[in-house]
Each structure stands twice: as structure tokens, then as C-alpha cells.
Amino acid sequence: MLDSTVVNQTQEVLDSLNDALAQGDVERAAALFATDSYWRDLVAVSWNLKTVEGPAGVADLLSHQLAHTRPGNFTIQPGEVPAEEGGVVTAWITFETATGRGWGLMRLRDGKIWTLLTALQELKGFEEPRGTRRPMGAEHGARKDRSSWKERREAEQAELGITTQPYALIVGGGQGGIALGARLRQMGVPAIVLDKHDRPGDQWRSRYKSLCLHDPIWYDHLPYIKFPDNWPVFTPKDKVGDWLEMYTKVMEINYWSRSEVTRASFDEASGTWTVEVNRDGTRITLHPTQLVLATGMSGKPNMPRFPGMERFKGTIQHSSQHKGPDEWAGKKAVVIGSNNSAHDICAALWEGGADVTMVQRSSTHIVRSDSLMEIGLGALYSEQALANGITTEKADMIFASLPYKIMHEFQIPLYDKMRERDAEFYAGLEKAGFDLDWGDDGSGLFLKYLRRGSGYYIDVGASQLIIDGEVKLAKGGIDHFEEDAVVLTDGTRLPADLVVLATGFGSMNGWAADLISQEVADKVGKVWGLGSDTTKDPGPWEGEQRNMWKPTQQENLWFMGGNLHQSRHYSLYLALQLKARMEGLDTPVYGLQEVHHLS
């Protein structure tokens, strides 16, 4: 039965908000928000990715943006009914701004707005050709000298970057670059995706052969085309590669393979970049207006140097260089690191007949895959979620609607359940000497990922090998290498034919330093992290992923990356920002990311 009281209460708040905004009454609009409230805006009002806190934060946002972006017409989304649970009313909403339309999610507590998510979905007058606006494809009738779709496509590919310039240049053709390329293609933004590999998807094909997605398939769709319903829950790496290659072709992305940027510089006078590209041995100079570094969270290997490495007679590889266990049967392998890649590689080497030792240098958060799927993701990303009406798009918005400032409060109880459910498993790891953690505040995997992008393993079997002693465990720092061994700081000597450095990857702004200049990298600052003042995520608090998918201190320079879920969801907001600028729309940015520390 429809609870008219909840509907009326929701509508009253929206009506009051609309009236205050229409009258330009910033203080009255801000007064609708609770003292401990949060407004997360994805491009719609702020032309940024920004979260403001409390009535004062709302007032500051509106005082800067209201006259420019003119948000209003907030209403309950058609077909959706607000729901009340535990004293919190949740309502799906739609709204408009001067230049666009959006939707979002609002939560009310004690009659006031507790959380508000506003996300721009389209620009007025520049709607994507989807649904009823889809292209005809065929031109019926007869006309002389008519070109076919194939001929037009070939002409575009021959001209873009040669006789005509792309508006946007995307450096990096993994899932992030491909997702953004697809969005820009649909929005009519001329763009080129550059990648050094031979084919789209080779970023995945080139990794160790046992690699697969640890996230379930419902979490990993790309924009526009979802994986078919017979796709495996956990996708093997080569299958991911094939999907990305297919997707790139079907979505008509202008993708230059075997292409590397050798140098890039920005001309403030013209507002364009000069980008030198080695395209399969041919030097080409491009002049895009917007430059996007989509080089990935796992793009720049962190290669530590230890004394004596040059004397080691075996093989030293970074995890990104490791191809698999085939040539290491009967050999001794030492894997330095204890996160996802380290566990995967140790398990594969053990299966291939190697004698394997993992070196744990710091504690690791481990969560079992089935527990994560059921407790951590099941409500949003699963077959059951779909059966409950939670589409991928809804799931993305629900997840995005939880402000990072309080997300840990929602995550801690879930990980407490996992810890209780798998108590015997964790006891076994601790007995084996493995150092476990649950994040600085017990909030587990997702917050670790958002804060630092490292420090965890989703267990798909390797942990049991450690519990059983099949994969040996050593702990401590690396002191030096000898000709045939790794020696730890406590003097432990680990004989080795192979050493794999599963030591992670550096900040994406390292690519800005390499491709543009250290000056620009320093100007932008650290990429990733929330400023949570937890391990490897020093403050001050930012409240959003630093420098990701949004304007940076370097004009016309953007960063695109993250897992498949983030590539799917946030590619929309970055694409809308680029499209708006291409069309000359007014895009006053609120709260441009400050530089707090460099990395």
C-alpha cells in the first residue's frame, strides 16, 4: 500500500527546495539540509565532482553556482515511490539545470535532507542519439555518389589526427580509455585513444596467465553494452581482452594501437596541447584541446631497488612483467608482496610445480570472494539485485550516493559479518603467521581501495595454500640480494631462481611527469585518495578521489582510470565535461582540487 505520508513529506521538501532555488534564496535552501548532511554533486551544479557538508557547505556551493547553473525542477522520479526504513526516507529524484538534466538520490531524516546526490546525465540540445533518437543507419531512397557507412568510417579514420585534429586525446587504451572513448563517440566529440600495445585488450592478455577479474560480472559492465547473461561470474584475463577488442570495434572508437606519446606540452595562448606520438614507427604531431591520461591505476610499475640486485644470477620481474609459471617448475620462486597480484602469482607458481615463498612486508586485508559477493556486493551487484529491480545504473547511483565521509559507517558492519562468518579461515591465516588487517578503522576492502588503491587480496584460493604451508611465508623487509638468494633484514636467506616484485604501482601523476613535465605533475599533485588521514592516504580531507574524472590545476588536463565499475560510471561525467567545453557552454568550476601533497 502506498504510504502517502512519505510521498507528501518528500514532495514538500522538494517543493521547498525548488521555491528557494527559484527565488535565489541560498540560506533558505541551505536550511533544508540537516546539520550533519552531505550534498554530493557529479558535474550538474559544481561542474566538478564535489561533496559539500552541512548547511554551510550547501550555502557556499549555491552562493558560487546558483546564478550560473540554476538547478531546479526537483521532482520524484516517475515510476519510483519514496520508501521509509529506520527513520530514513529514500527517494529517487530528477532535476534540471540551465544546461542539462540529471537524476539522483535523496535521503531525508527528521524531515530534512541528510544526503543528496545530483548527477548530470545529459546536456540540453546535445542529447545522445539513443533510444528514440537513435540513427537510422540506412539512408532509404536513391542518390548518386552516395557513400556507404564503411566508406564514411574509413574516411574518418584516415583523416582524424592527420588532416583534422581530435578535440580530445586519450593516452591509454585500457578499460578507462576505452569507456571514455565510447562515451565521447556517442556525444559527437572527436577523440583518439592511443595505446602502445598491438591490439585493444593486450593490457590484459599480456599479464600472467592465471589472472582473472576478482570482481563479479554484475559489477564490471562497460557503458552501452552489458556482458551477456551467460558470461562467467569471474572473467579470465584473455576473455576480458577479447571483450575490450570487440567493444572498441563495435563502438567505433578511434583507437590507435602501437602508438606511444613521447612528449606533450600545453600552449596557454592557444589553449591546446602539442603531443608528439610515435605511431608504429611514424612520428605524428597532434594538437588536441583536451588531454586525458588514462594510463591506469596499474600503469606505472613501482620498481624498488635493493642492494645487490645487479649480482643476482636469477630472474627479477615486476608482477606486471610476469607471464606465468610454465618455465619455473622445480625452481625456487620468491614473491615480494602480499596483495592481490602476489597471491595470484604464488598460487599459479605453486600449481606449476615451483617451490614458492611469499615475503610479507606489511599487513594485508583479505576477504573471501564468496563472502564479498554475498555480503559486500550482493545487495547491489548480483542476480538477486537484478531480480529486486536494482539495475546496474541504479546500483551505481546508490553506491555513489553514500558520501565518502560516512561510507565507512556503512561498510564496517558488513566486514564485521565477514569476519564472523569466516572466523576459522582467519584463525588459520593467523596461525600460519600471516599479518591481517581490516583497514585503519575496520571498514575493509572498498575504503582501502578508495583511500590508497592497495593493501588487500580477494581470496580465490591462494590463502589456503598459505594456511596449509604449501606456499611458504616469510616476513620482513629486504636487506639485499646475493647471487642466488634474497636476504631479509633479520638475516633470513631465501634461495631463489625467480624473484617477482609484486610491489604495486605508482601514482598516475607520475605519467604526467614522464610525458609532460615534473612541473605539471607538481602543479596537479597526487592522483587518487580521499585525504582520509589513514595509512598511505594523508590529509587534509578532500572528500572525493583526488584529481580523478574532474578538472585539475593544469588547464585541459584530465585523469581517467579505476576499476571497470568506475570506468563505466565516471566516464559519463568526464565525457559530459569535455562535451560542454567543446560546445562552448559556460562551465564555472566550484572547488577546484587543491594541491596538498605530491606523489
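The values are calculated or read from the model by the stated rules, or taken from the named source; none is laboratory data. As the structure is a computational prediction, the values presented were derived from the model and not from experiment. A quick note on method: Cβ atoms are made from the backbone with ideal geometry, for glycine too, and the neighbour counts reach across all protein chains shown. What goes into the accessible areas is simple: the full protein's heavy atoms, side chains included, and nothing from ligands, DNA or RNA. Shrake-Rupley method; radii C 1.70, N 1.55, O 1.52, S 1.80 Å.
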Strands (runs of 3 or more DSSP E) completely within segment 1-120 that count 1 or more residues being closer than 22 Å to Tyr573 by Cβ and at pLDDT below 95 | none
Search result, residues across segment 338-348 that are surrounded by fewer than 24 Cβ atoms within 10 Å (Cβ to Cβ) and not in a helix (DSSP H, G or I) | Asn339
Note on segment 521-563: residues within 20 Å of Val171 (Cα to Cα), open to solvent by 10 Å² or more (accessible area, probe 1.4 Å) and either aliphatic (A, V, I, L, M) or free of Cβ contacts under 8 Å to residues at least 40 places away in the same chain (or both) are none
Enumeration of residues in segment 428-460 that are of a type in the set (A, V, I, L, M) and either within 19 Å of Asp370 (Cβ to Cβ) or touching a Ser or Thr at 6+ places or on another chain (Cβ under 6 Å) (or both) | Leu429, Leu436, Leu445, Ile458, Val460
Restricting the search to segment 413-428, which residues are over 17 Å from Ser443 (Cα atoms) and open to solvent by less than 40 Å² (accessible area, probe 1.4 Å)?
-> Phe425, Gly428
Does any residue in segment 237-265 that is in contact (Cβ under 8 Å) with a residue 60 or more places away in the chain and within 30 Å of Gly137 (Cα to Cα) come within less than 9 Å, Cβ to Cβ, of a residue that is hydroxyl-bearing (Ser, Thr, Tyr) and open to solvent by 50 Å² or more (accessible area, probe 1.4 Å) six or more places away or on a different chain, and which pairs are these?
-> Tyr247/Tyr224; Met251/Tyr224
Kindly indicate whether Gly584 is free of Cβ contacts under 8 Å to residues at least 60 places away in the same chain and of a type outside the set (Lys, Arg).
-> yes
Can you name every residue in segment 118-142 that is in contact with a Phe, Trp or Tyr (Cβ under 8 Å, 6 or more places away or on another chain) and among the aliphatic types (A, V, I, L, M)?
-> Ala119, Leu120
Which residue pairs have Cβ atoms closer than 7 Å, lie 6 or more positions apart in sequence or on different chains, and pair a first residue in segment 310-337 that is under 21 Å from Gly476 (Cα atoms) and part of a loop (DSSP other than H, G, I, E, B) with a second residue that is open to solvent by 50 Å² or more (accessible area, probe 1.4 Å) and not polar (S, T, N, Q)?
-> Phe312/Glu483
Only one of (1) buried (at least 17 other Cβ atoms within 10 Å of the Cβ); (2) modelled with pLDDT under 95; (3) under 30 Å from Leu123 (Cβ atoms) is not met by Arg207, so which one is it?
-> (3)
Within segment 136-152, identify whether any single residue is open to solvent by less than 60 Å² (accessible area, probe 1.4 Å), out of contact with any Ser or Thr (no Cβ under 9 Å at 6 or more places or on another chain) and assigned to a helix (DSSP H, G or I), and answer yes or no.
-> no
Only one of (1) in a helix (DSSP H, G or I); (2) open to solvent by less than 10 Å² (accessible area, probe 1.4 Å) does not apply to Arg581, and that is (2)
Segment 154-200 - residue that is among the charged types (D, E, K, R), modelled with pLDDT of 95 or more and assigned to a helix (DSSP H, G or I) and, of those, nearest to the chain's Cα centre (by Cα) = Arg183
Verdict on Leu414 being out of contact with any Cys (no Cβ under 6 Å at 6 or more places or on another chain), aliphatic (A, V, I, L, M) and assigned to a loop (DSSP other than H, G, I, E, B) | no
Please find, within segment 75-89, the residue that is most open to solvent (accessible area, probe 1.4 Å) out of those that are of a type outside the set (A, V, I, L, M, F, W, C) and closer than 28 Å to Glu127 by Cβ.
-> Pro78
Asp36 passes all but one of (1) without any contact (Cβ under 8 Å) to a residue 24 or more places away in the chain; (2) touching a strand residue (DSSP E or B) at 6+ places or on another chain (Cβ under 8 Å); (3) open to solvent by 30 Å² or more (accessible area, probe 1.4 Å); which number fails?
-> (1)
Grab the strands (runs of 3 or more DSSP E) fully contained in segment 245-290, keeping just those with 3 or more residues being in contact with a Phe, Trp or Tyr (Cβ under 8 Å, 6 or more places away or on another chain).
-> 259-267, 272-279
